[in-house]
Amino acid sequence: MPDGEPAPRDGSLPAAALRSLGERPFGVYVHVPFCATRCGYCDFNTYTPGELGTSASPQSWLEGLRRELDLAATVLGSVPRAETVFVGGGTPSLLGAQGLADVLAAVRDAFGLARGAEVTTEANPESTSPEFFAGLLEAGYTRVSLGMQSAVPHVLRVLDRVHTPGRPLAAAREALDAGFEHVNVDLIYGTPGERPEDLRASLEAVGEVIADGVDHVSAYALIVEDGTAMARKVRSGVIPAPDDDVLAGYYEMVDDYLTGCGFSWYEVSNWARSADAECRHNLGYWLGGDWWGAGPGAHSHVGGVRWWNVKHPARYAERLRAGDSPAAGRELLTDEDRYLERVMLELRLARGLPRDALDDAGRRAAEDAVRDGLLEPGEWAAGKAVLTRRGRLLADGVVRRLAG
Ligand SMILES: C[S@@+](CC[C@H](N)C(=O)[O-])C[C@H]1O[C@@H](n2cnc3c(N)ncnc32)[C@H](O)[C@@H]1O
Ligand code: SF4
C-alpha cells in the first residue's frame, strides 16, 4: 500500500478534485474479496472461507458495498453516470448470477449507467455454467473475463490452479453461446517448468475459442510476488524463478500467435480483435480517467486524488456499519506524480504518448530511444511515442528513460 495521508472519515474530497468531474470518463470498480482456494502465485486482496471464518461473508460484504456506493454518490454530489463498471477480485463468479445482479443493481441505484455502458465481470471458469452466463446477460453485464492461465496440467499444478481439464474453453464457449459479444481470457506465461511447447498448446487452445468469438486476450508474465506460497518455493529452491530471457521469448510467441489470429496489441499485455473489443474500463485507468473503486482494498482516483480502502472484509464492513468511509489513506497527486504516471501508463498503449506530453528532457530521451530501436520512428515523426516490439519487451526501462 502506498504511503499517504489519513483519509477523512466522511470520505469527502477537496473541491478542486470534484471540479472537473464529468470531463473525463467515469468508471466504477467493485472488488469481490472471495476465492474458493488461493492460487500459489496470487497476492490479490482475497480470502478463502477458511481465512475469513465467521468474521465476514458475502452478505456482510454486499451490505458494506451498498453503503459505500451511497457514500460515493453523496461525496461526488452531481453524480456522473458510470460509463464502465468492472467487477473484479478475487472470484466474482462465486457470488453466482443473482449475487452479481445484486451488485450491478447497487451500482445502478447509486450512479446510474450511461447508455452503452461496458459492464464486465471477472470469472473463474470453475464457478461458471450456461445458466450463470445467461443470468449475467439478463442482469445487464456486457463482457466477461475468464481466468484460464494455461491449458497444460503440469503448468497449472505449479500455479496451484485447480481446473477441470477443458473447463476454461467450455466456459468461454458457454459465455459466447449465451450471447456475450465481448469475452476475454487471461493467460500467464513463464511459469517455472513451462516449455515452449506448453505455451504453444495454451495459445492453440486460446486460438480455438478465438475462432468461436473470443475477442480479447490478456497475457501476463508470471510475477513472483513477495509473501506468496510461490515466492517461498522459489526462495527455498523447490522451483526456479522465471528467467527474463525466457519471458521475452514467450512474449514474442504470444504476440506472434495472437497477431496471426488477427488480433492487435493495444496495451503491452492486452490484445483485441478490434477497437470495439478493447476494454474501455481499463483504458479509463490508463488514460487518467476518474473511477470509484468500491470494496475491501479497492483503489480510487478522482481529479488527482487517489485513495485506497482498508483491506480486510471485516474491517471494511465495520467501518461502513459505523457510518464511516472505508478509506485507509489517500494521496494528493503532485504535478510531478501525474507526469510520471502519464508517461508510465500511456507509453504502454499502442496509441502512444503524445510528444507534447513530454518535457524537454523526456523528448531528448525519446529521440535516443528511437535511435535505439525502442520507439517507432514514423510515429515519433508524427508526434507520438509508440513502443516497438523490442520497446514493449523493455517497457519499464523506456519509461524510466523518458520520465527521468
Ligand atoms: C486477480 S485474477 C481474477 C480472476 C479470477 N480470480 C481467476 O483467477 O480466474 C486476475 C488475473 O491476474 C493475473 N495474475 C494474478 N496474479 C498474477 C501474478 N502473480 N503474475 C501474473 N499474473 C497474475 C491472472 O492472469 C488472473 O487471471
Ligand atoms: S488468481 Fe484468481 S482465483 Fe486465484 S487466488 Fe488470485 S484471485 Fe483467487
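If I build a Gaussian network model for the chain, linking alpha-carbon pairs within less than 10 angstrom, which residue out of ARG161, ARG173, ARG390 has the largest mean-square fluctuation?
Of the options given, ARG390 has the highest mean-square fluctuation.
When Rg is the radius of gyration of the Cα atoms in the range 276-404 and Rh is its Kirkwood radius, what does Rg/Rh come to?
Values: Rg = 18.1 Å, Rh = 16.4 Å.
Looking at the range 276-404, the ratio lands at 1.11.
Please work out the Cα center distance from the range 171-208 to the range 341-355, rounded to the nearest Å.
If you average the Cα positions of each part, the centres end up 27 Å apart.
So, by mean Cβ neighbours within 10 angstrom, what's the order for 260-270, 94-104 with the highest one leading?
On the way: 260-270: 17.9, 94-104: 19.5.
Descending mean neighbour count gives 94-104, 260-270.
Can you give the convex hull volume of the alpha carbon atoms of the range 223-277 per residue, in Å³?
Working: hull volume 5.7 nm³, N = 55.
Convex hull of Cα atoms, per residue: 104 Å³.
What is the magnitude of the charge dipole of the chain about its Cα centre, with +1 placed on the Cβ of each Lys and Arg, -1 on the Cβ of each Asp and Glu, and no other charges, expressed in debye to the nearest 20? All intermediate terms of the calculation are to be shown ahead of the outcome.
Values: 41 positive and 58 negative charges, 113 e Å.
Roughly 540 debye, rounded to the nearest 20.
Calculate I(q)/I(0) for the range 4-126 by the Debye formula, one identical point scatterer on each C-alpha and no solvent, and give its log10 at q = 0.12, 0.14, 0.19 Å⁻¹ to two decimals.
Taken in order of the listed q values, log10 I(q)/I(0) reads -0.52, -0.70, -1.13.
Suppose we look only past 30 Å in the calculated P(r) of the chain. What percent of the Cα-Cα pairs does that tail hold?
Values: 35464 of 81406 pairs.
Distances greater than 30 Å cover 44 percent of the Cα pairs.
Is it possible to state the helix-based mean residue ellipticity at 222 nm for the chain, with each DSSP H run of 4+ residues giving -39500 (n - 2.57), the sum divided by total residues, to the nearest 500 deg cm²/dmol? What is it?
Values: 17 runs with 172 residues, N = 404.
Value at 222 nm, helices only: -12500 deg cm²/dmol.
Report, in cubic angstrom per residue, the convex hull volume of the C-alpha atoms of the range 86-188. It would help to have the intermediate numbers written out before the result.
Working: hull volume 9.2 nm³, N = 103.
Spelled out: Cα convex hull of the range 86-188, divided by residues, is 90 Å³.
Taking the alpha-carbon set of the range 103-160, what are its Rg and Dmax in Å?
When restricted to Cα atoms, the range 103-160 yields Rg and Dmax of 15.1, 45 Å.
Out of residues 5 or more away from GLY89 or on other chains, whose amide H comes under 5 Å of its own, with H placed 1.01 Å from N in the peptide plane?
For GLY89, whose amide H was placed from the backbone, the distant partners under 5 Å are VAL32.
If you roll a 1.4 angstrom probe over the protein chains with everything in place, what fraction of the accessible area of the chain belongs to carbon and sulfur, to the nearest %?
Values: 8820 of 17460 Å².
After summing per-atom areas, the C and S share lands at 51 percent.
When the distances between all Cα atoms of the range 171-330 are binned every 5 Å from zero, what whole-number percent does each bin get?
Answer for the range 171-330: a P(r) of 2, 8, 13, 13, 14, 14, 15, 13, 6, 2, 0 percent.
Rounded if a/c is under 1.5, else prolate if a/b is larger than b/c, else oblate: which is the range 53-120, with a ≥ b ≥ c the root eigenvalues of its Cα gyration tensor?
On the way: a/c = 2.59, a/b = 1.40, b/c = 1.85.
Oblate is the answer for the range 53-120, as a/c is 1.5 or above yet b/c matches or exceeds a/b.
Using only the Cα atoms of the range 307-380, each taken as one equal point scatterer with no solvent, compute I(q) by the Debye sum, divide by I(0), and report log10 of the ratio at q = 0.12, 0.19, 0.28 Å⁻¹.
-0.54, -0.79, -1.26
Using a 1.4 Å probe, what is the accessible area per residue for the chain, in Å²? Walk me through the intermediate numbers first.
Numbers: 17460 Å² over 404 residues.
In whole numbers, the chain has 43 Å² accessible per residue.
The values are calculated or read from the model by the stated rules, or taken from the named source; none is laboratory data. This is a predicted model, so every value here is computed, not measured. Counting neighbours? That spans all protein chains shown, and the Cβs are built from the backbone with ideal geometry, glycine included. In case anyone asks, the SASA skips ligands and DNA or RNA and just uses the protein heavy atoms, side chains included. Shrake-Rupley method; radii C 1.70, N 1.55, O 1.52, S 1.80 Å.
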